[in-house]
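For reference, the structure discussed in these notes is given below.
Just so it is clear, none of the values below were taken in a lab; they were calculated from the coordinates. Since this is a predicted model, take the numbers as computed values, not measurements. Every residue, glycine among them, receives a Cβ derived from its backbone with ideal geometry; neighbour counts consider all protein chains shown.
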Amino acid sequence: MDDRADDYTGEVTVGGGADVRELAHLTITKVAVDEKMSNNCYLLRCRETGEQLLVDAADSAGTLLPLVGDAGLRTVVTTHQHWDHHRALAAVVEATGAEVVAGVPDAAAITEQTGVPVTRPVGQGDTVTVGACALSVIAIAGHTPGSVALVYDDTADGGQHHLFTGDTLFPGGVGGTFGDAAAFQQLIGDVETKVFGTLPDATWFYPGHGSDSTLGAERPSLPQWRERGY
């Protein structure tokens, strides 16, 4: 199944409908929550087993839980420790009993802020599964110490790589480092080597806010991002 021919755009608005992408073995549902922050949340469902995984229970359990539905939720991955990415974590985990996954350096802060234990801390090269589908963990420091991205390889079925970046990479630049020059150098270095240095241009990425893009569309701008310092 070639997902490049689908009608998914990734353009979602708070209060509007979800956008759904059907891959050969995985369904990706994107929804935006919270008018102020406009966070993206991604529900992944294995088409073979029906198992589901949520990337960022950012807000609005009343929006997320109906998406989960009766199929249940096996896992919530929190991409990083910032408050706007886990406001619904406690409610979603209480309702579903889902396992909580986060990057090792951010795990304690997420638990402190939410009261929810991180049941599986992960790092570079770890694998998170959703049914029969495997997502590889990329650890990207700089925006926070323990930010993680997840990559799903659909190329065996005629598709592309799919990368969930949290707030580490957006169309037009990397995530914020709040004036910390050393943190920016860490972030841009990790993004260049671990993302652009390992994944092809056709890789479609799904950020924590706003529209999606591909690595090929963003790659020519890497020198400009490094020069401007954000």
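Quick rundown of the values:
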| quantity | calculated |
| --- | --- |
| Amide H within-cut-off set for His209, under 5 Å, with H built and near neighbours excluded | Asn40 |
| Other-chain or far-sequence residues with amide H under 5 Å of Val77's (modelled H) | Leu54, Val55, Asp56, Val101 |
| Alpha carbon Rg of segment 1-118, scaled by the compact-globule rule 2.2 N^0.38 Å | 1.05 |
| Order of Phe178, Phe184 - criterion: other Cβ atoms within 10 Å of each residue's Cβ, fewest first | Phe178, Phe184 |
| Structure-based [θ]222 nm, the chain - -39500 (n - 2.57) summed over DSSP H runs of at least 4, per residue, nearest 500 | -5500 deg cm²/dmol |
| Mean Cα-pair separation over length for the chain, i.e. relative contact order, pairs under 8 Å, 6 or more apart, % | 15 percent |
| Residues Cys133, Cys41, Cys46 arranged by fewest to most Cβ contacts within 10 Å | Cys46, Cys133, Cys41 |
